[in-house]
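Here the structure comes first, spelled out in structure tokens, and everything after it is commentary.
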Amino acid sequence: METSRAIPDVPWSEFGLRALDAADQMLDASGHDMLSLRDIAAAAAGTHPAILKQFGSQVGFLAELAARQWDHLAAAMPVGGTDVVAVVLADIAYAIDHPHRFRLMYSDVLWNKRTDPNYRGNAREHLALGRMEAARDVNFLTLETAMREAGQAKRTRLVAALLTGLSFEFVNERLFQGDRAQQLAHAEELVGMVVG
């Protein structure tokens, strides 16, 4: 059963796309805590006010950047597969390969704003935060579909929570150090214990 996981693209200007591309590269190099909108704007041949105009604020920009990371993860997921281990390992592999992107995807700053009913961000911030949540939900749906087809639908939330924690353990190199292949072999063994 193949499911569509695409979140509609927002029609960003050429500058907006260049800014997101530059932020992707900077994110890989140093993490989201070190991102500067001024540096991103300069790398994208634009200005800080242009980023603010397009994305509403730093929160709006980071939320859109996080949504983009969820989109990248969705593209790495096996489509229509019922192999729960393959779906979970795709998520862990993304976390291992892109630790700074993974941390941004789960940023407390962004998720706290998304879930705070008193947060008074502007419309562009709320659009980006909503897109971030929708992109995350699409990835959850991939796991949920695989779990349902494997006859384990009741365990989906448990597996999702364990997956997130396990991914962070690999990102923070607390569980297993070593090269990517060694980490994924350890991950496959652990995931097999959880979903097997």
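Note that the chain presents 51 Å² accessible area per residue, ligands and nucleic acids not counted, probe 1.4 Å. The convex hull of the Cα atoms of the chain, projected and averaged over all directions, covers 11.4 nm².
Oblate is the label for segment 123-196. Its Cα gyration tensor axes, ordered a ≥ b ≥ c, give a/c of at least 1.5 and b/c at or above a/b.
Counting Lys and Arg as +1 and Asp and Glu as -1, each charge on the Cβ, what is the dipole of the chain about the Cα centre in debye, to the nearest 20?
On the way: 19 positive and 25 negative charges, 128 e Å.
In debye, rounded to 20, the chain gives about 620.
The peptide list 119-132, 57-70, put in order of mean Cβ contacts within 10 Å with the highest first, becomes 57-70, 119-132.
Sorting S107, S30 by solvent-accessible area of protein heavy atoms yields S30, S107, largest first, with a 1.4 Å probe. Of the residues D97, D24, D71, the one with the largest accessible area comes first in the ranking D97, D71, D24, computed with a 1.4 Å probe on protein heavy atoms.
Model label sites at R180 and T164, defined 7 Å from Cα along the beta-carbon direction, differ in position by 2.6 nm. In deg cm²/dmol, rounded to 500, what helix-only [θ] at 222 nm does the chain give when every DSSP H run of at least 4 residues adds -39500 (n - 2.57) and the total is split over its residues? So the helix-based figure for the chain works out to -23000 deg cm²/dmol.
Sort D116, D108 by heavy-atom solvent-accessible area, probe 1.4 angstrom, most to least. Working shown, then result.
Working: D116 65, D108 110 Å².
Order by accessible area, largest first: D108, D116.
The residue list F102, A75, P117 was ranked by how far each Cα lies along the charge dipole of segment 18-128 toward its positive end, using unit charges on Cβ atoms, and P117 comes out on top.
Of the Cα atoms belonging to segment 18-112, the radius of gyration and Dmax stand at 14.6, 46 Å.
The values are calculated or read from the model by the stated rules, or taken from the named source; none is laboratory data. Since the model is a prediction, treat every value here as computed from it, not as a measurement. Positions of Cβ are generated from backbone atoms using ideal geometry, with glycine treated the same way; all protein chains shown enter the neighbour counts. Only protein heavy atoms, including side chains, enter the accessible area calculation; ligands, DNA and RNA are left aside. Shrake-Rupley method; radii C 1.70, N 1.55, O 1.52, S 1.80 Å.
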